[in-house]
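Here is the structure we will look at.
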Amino acid sequence: MSQPIASTDRAVRAAARTADRSDPRTIAAGAGVRADAAFRAVMPPLYLSATYAYDEVGVKPPCDYSRTNNPTRAIFAKAVAELEGGAGAVVVSSGMAAVDLVLHLLIADDLVVAPHDCYGGTRRLLNARARRGDIYVEYVDFTDEAAFDAALEKGPKLVLIETPSNPLLRITDLAAAIRKAHAAGALTAVDNTFLSPVLQRPIERGADFVIHSTTKYLNGHSDVVGGAVVAKDAAKVEELAWWANCIGSTASPFDSWLSLRGLRTLPLRLAAQEENARRAAEALDDHPAVAKVYYPGLASHPGHAIAARQQDGFGAILSFELKGGFAASKRFLESLSIFSIAASVGGVESLACHPWSVTHAGIPEEERREAGITEGLIRLSLGVEAARDILADLALGLEAAEAEAAAA
């Protein structure tokens, strides 16, 4: 019969004191645990109060108004910052609010360099700000070194990086791009939504800011819309927090509580999702109806070596091109039963999206084609369902796509 571990065992106690508490699983599971000073609740309570009482006139309490500071939101922000290795985080109402919050650090006529195939919502925001005269924007293929260097020669104040990019999963060498951007005098912000800090931590590569749509992997259950910005420098955290309070973009307490609850299982969810993505990518890569698969985990992907070097995994999102164009992609999507046709990613459920008509529909056709986004492109976000069911569902869709292409 095995003996229980004695709590007085010196070796065990010493090991506990020196344990590495930087593991994402430990950070995520322990966020806010036993932080409640009032009743010693293991899990932190949800503070819904809009306002907080002053004990003394003229002496501001730790929390006074929930737009400015809220205990629940603060716990979630601390956990996200710890996962990313930043000085702090500001949690806001959406991923787009997070992107816009970083833009508030710029002044009129500042230049932003952004990926030519970035998320359609990001491009829409940048273009709208440019039309108003707030900023200038230069779009460039970050995998084209000469084009990227030429853009930096124009003196940008902010370089916005997506890696992997949405939806073509292009990989940017973070260390190299950030080093060049800093040498040109620019701040760098990396949208890390597609990988989460479990698989990539841009601040370790020198990034000034990390942006998240917390709607996606951090929450992971498709029931909250939210965003966050993590800053490497504490002074920048304060500046971002000032702007978020000023414009009123901070996240609600309930959304923060739900996101914190989802965050606890992030490493576990993502491990299962990534395995499903790998198997789906391999199956699609071998199918005659598929012209091309975009997944950094495949050795054939142009960014495979860079991704293997700077990431701790290849993620759970992939895109692929069907040979039959729009008609085939439509038949494929409408034949699925496990996958839902929807615009988001990162939830426990598998989703399929048609970027041409959904996430990037607002981009002019010529620019979509230049970025490599076509009518036959489909993006998949793999969930945690059984792999055999996912593969069977994909097979049904591909069979329908082949039939459509043959009939055309």
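General observations
- Isotropically averaged projected area of segment 297-341, using the convex hull of Cα atoms (one quarter of hull area), nm²: 4.4
- Beta bridges from DSSP with both residues in segment 25-263: antiparallel share about 45 percent, rounded to the nearest 5.
- DSSP-defined antiparallel bridges as percent of all bridges, the chain, nearest 5: 55
- Between Leu187 and Leu158, Val159, the built amide H atoms are under 5 Å apart, and every one of these is 5 or more places off in sequence or on another chain.
- Proximal charge balance of Asn219 [Cβ under 12 Å; K/R count +1, D/E count -1]: +2
- Net dipole in debye of the chain [+1 Lys, Arg Cβ; -1 Asp, Glu Cβ; about Cα centre; nearest 20]: 1100
- Mean residue ellipticity (222 nm) of the chain, computed from DSSP H runs ≥ 4 via -39,500 (n - 2.57), nearest 500: -12000 deg cm²/dmol
- For segment 165-227, the spread of Cα positions along each principal axis, largest first, Å: 41, 21, 17
- One quarter of the surface of the convex hull around the alpha-carbon atoms of segment 165-280 equals 8.5 nm², the direction-averaged projected area.
- Amide hydrogen neighbours beyond the local backbone of Val140, cut-off 5 Å, H modeled: Ala114, His116
- Here segment 89-129 yields Rg over Rh of 0.95, to two decimals, using C-alpha coordinates and the Kirkwood radius.
- 3J(HN,Hα) along segment 26-34: 6, 4, 5, 5, x, 4, x, 5, 6 Hz, from the Karplus curve 6.51 cos²θ - 1.76 cosθ + 1.60 with θ = phi - 60°, whole Hz, x for Gly and Pro.
- Largest to smallest principal axis extent of the C-alpha atoms in segment 91-164, angstrom: 36, 28, 19
- Size of segment 298-408: Rg and Dmax of its alpha carbons, in Å, are 14.7, 44.
- The ranking of Asp191, Asp110, Asp36, Asp173 by Cβ neighbour count inside 10 Å, starting from the fewest, reads Asp36, Asp110, Asp173, Asp191.
- Among Thr122, Thr68, sorting on how many other beta-carbon atoms sit within 10 Å of each Cβ, with the fewest leading, yields Thr68, Thr122.
- Estimated Rh, the chain: Kirkwood, alpha-carbon pairs, angstrom: 22.5
- Cut-off under 5 Å, modelled amide H: who pairs with Gln200 long-range: Asp312
- Charged side chains reduced to their Cβ positions (Lys and Arg at +1, Asp and Glu at -1) give segment 187-325 a dipole of some 160 debye around its Cα centre.
- Residues Cys118, Cys63, Cys246, ranked from the fewest to the most other C-beta atoms within 10 Å, line up as Cys246, Cys63, Cys118.
Computed from the coordinates by the stated procedures, all read-outs in this text should not be read as laboratory data. Note that the structure is a prediction, hence the values are computed from the model and not measured. Positions of Cβ are generated from backbone atoms using ideal geometry, with glycine treated the same way; all protein chains shown enter the neighbour counts.
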